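Down below is the structure, laid out as structure tokens.
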Amino acid sequence: MNYKDKSDIYGNDRQNTTVLMSKDVPSSTPKAYSPVKRYGRHNSSRDEGGSRVELHGSQNDSSADVHGDYFFGPIPVSKLTFAALKSMGFEQPTSVQEQTVPVMLGGQDLVAQAQTGTGKTAAFGLLLAEALSPSQESVQAFVLTPTRELAVQVSNELRRLCLYCNYRVVTVYGGQPIQRQIDALRGSVQIVVGTPGRMLDHLARRTLSLDRVRIAVLDEADEMLDIGFADDIEKILRFTPASRQTVLFSATIPARIRGMVYRHLKKPVWVRLGREAEPVEQVRQIYYEIDSRDKNAGLEELLQGTLPMNSESNSASGQTLIFRRTQVGVEKLVAYLRQKGYPVRGIHGGMNQNQRDAVMKDFRSGRLKLLVATNVAARGLDIPAIHQVINFDVPQNIEEYVHRIGRTSRMGRPGTAITFVGEWDLDAFDVIQRHVGNDIESGQLALYS
């Protein structure tokens, strides 16, 4: 592949960005808007002169077939995508989807800053479902994620959204035998989802080619940079055509993200929903001041009545996710809770992939009600039944706090986020409290009454 200097490709276009705040975006898509399916099977295509050639049809007209007028809220979609959305139970788009999908379907690069748990995966999933072609056997799109668990989760959602599109989605990540992934990459593959390290590994082995990629998606971009994937992402993007469309989703937009946008995106539209690092509105936030030596007892108090003991049955109660700062902390707390009779498991980066997969399978199915995790291991988890998150250790910054509590209240559901504030946590918690203000309330444990 012939690599060009990005400055030669983009010139000054990188400076010309459009910024859309949530208040600037109309509540419904303008009537004149109709996305151009630029690639493949259900295209309303461009003629040789580059003008739009629109397709006609009606949702009640059987002759419309793939190309009819089907809508996801105000967003026009193909019949196949409409059927997939219906099978998933999606009736109306979230605010993130309503404000980003039209931009992406219009072919523009995008930088979207939004809270976690607001439907970002389905947003770029709709782009891929609408824009790709099953007749092209080479990889047309890839999604980069910070963790293996999130890569698996994104892949599963994309398969559901592309259920009737006949796309193949392959997931690549470390910790799994690479030969299995090499075999999966052979033949017709339209979408690859993976972590940056393993994606680079396949590129180096020439078992993956991105020469014909049309769309690059960077999911949870701030977390990928925090983990140390910045250089890997830059290298991967150099393997792709300069003509690609690039979309970036992130809960926060630090300076390093802006630098990446400047180098690799062309005239991006910026969409920001809510304030910087703003928690999801539906989360009830509570903190308890507690001596560090009493945290185990305080945790038991919170868990009593909300979780079944000595049982792993799939009861009607919700699930609880507990965050600890270190792998050792996870192991110690799991051992303590097991001793007290709670069916609990832990997950952290020190476990092998088979162990992590087994834990997540049980948690997603609802068989496991209580999970103790480090930040990285639980990054991006989308499990609707999580009704409370407990910060056993205070997060180290506001971004970490927002990401943690975003594991509950997914897609508008109610949830509770609890934070234990020990005697050594006051400075770190003061920063969080100043940011969230009155949204976080003080509680008192019966332990001290």
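Below are the figures for this structure:
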item	result
Candidate set: segment 403-430, residues that are touching a Phe, Trp or Tyr at 6+ places or on another chain (Cβ under 8 Å) and within 19 Å of residue 251 (Cβ to Cβ); chosen: the one modelled with the lowest pLDDT	404
Considering residues of segment 214-244 that are assigned to a helix (DSSP H, G or I) and of a type outside the set (A, V, I, L, M, F, W, C) only, the residue surrounded by the most Cβ atoms within 10 Å (Cβ to Cβ)	223
Among (1) modelled with pLDDT under 95; (2) surrounded by 22 or more Cβ atoms within 10 Å (Cβ to Cβ); (3) not polar (S, T, N, Q) - the single one residue 268 does not satisfy	(1)
Lone qualifier among 73, 89 - being touching a helix residue (DSSP H, G or I) at 6+ places or on another chain (Cβ under 7 Å), of a type outside the set (D, E, K, R) and surrounded by fewer than 21 Cβ atoms within 10 Å (Cβ to Cβ)	73
Residue check, residue 155 of a type in the set (Gly, Ala, Ser) and surrounded by fewer than 18 Cβ atoms within 10 Å (Cβ to Cβ)	no
Residue that is nearest to residue 343 (Cα to Cα), among those in segment 362-402 that are modelled with pLDDT under 85 and charged (D, E, K, R)	364
Residues of segment 327-379 classified as in a loop (DSSP other than H, G, I, E, B), within 23 Å of the chain's Cα centre (by Cα) and either within 16 Å of residue 151 (Cα to Cα) or not small (Gly, Ala, Ser) (or both), total	12
Residue check for residue 107: modelled with pLDDT of 95 or more, surrounded by fewer than 18 Cβ atoms within 10 Å (Cβ to Cβ) and not hydroxyl-bearing (Ser, Thr, Tyr)	yes
Residue among 307, 333 that is surrounded by 20 or more Cβ atoms within 10 Å (Cβ to Cβ), in the same structural domain as residue 375 (by TED's automatic domain parsing), among the aliphatic types (A, V, I, L, M) and at pLDDT below 95	307
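This table checks each residue for (1) at pLDDT 95 or above; (2) touching a His at 6+ places or on another chain (Cβ under 9 Å); (3) among the β-branched types (Val, Ile, Thr).
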residue: 143; (1), (2), (3): yes, no, yes
residue: 181; (1), (2), (3): yes, yes, no
residue: 204; (1), (2), (3): yes, no, no
residue: 235; (1), (2), (3): yes, no, no
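Conditions (1) of a type outside the set (A, V, I, L, M); (2) closer than 17 Å to residue 246 by Cβ; (3) not in a loop (DSSP other than H, G, I, E, B), marked per residue:
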residue	(1), (2), (3)
76	yes, no, yes
80	no, no, yes
86	yes, no, yes
90	yes, no, no
96	no, no, yes
115	yes, no, no
136	yes, no, no
139	no, yes, no
142	yes, yes, yes
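The rows are residues; the columns are (1) under 25 Å from residue 120 (Cβ atoms); (2) outside the structural domain of residue 294 (by TED's automatic domain parsing); (3) assigned to a helix (DSSP H, G or I).
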{"site": "387", "(1), (2), (3)": "yes, no, no"}
{"site": "390", "(1), (2), (3)": "yes, no, no"}
{"site": "394", "(1), (2), (3)": "no, no, no"}
{"site": "399", "(1), (2), (3)": "yes, no, yes"}
{"site": "416", "(1), (2), (3)": "yes, no, no"}
{"site": "420", "(1), (2), (3)": "no, no, no"}
{"site": "432", "(1), (2), (3)": "yes, no, yes"}
{"site": "435", "(1), (2), (3)": "yes, no, yes"}
{"site": "441", "(1), (2), (3)": "no, no, no"}
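The values are calculated or read from the model by the stated rules, or taken from the named source; none is laboratory data. Bear in mind that the values here come from a model prediction, so they are computed numbers and not experimental data. Because the Cβ atoms are built from the backbone with ideal geometry, glycine has one as well, and the counts that use them run over all protein chains shown.
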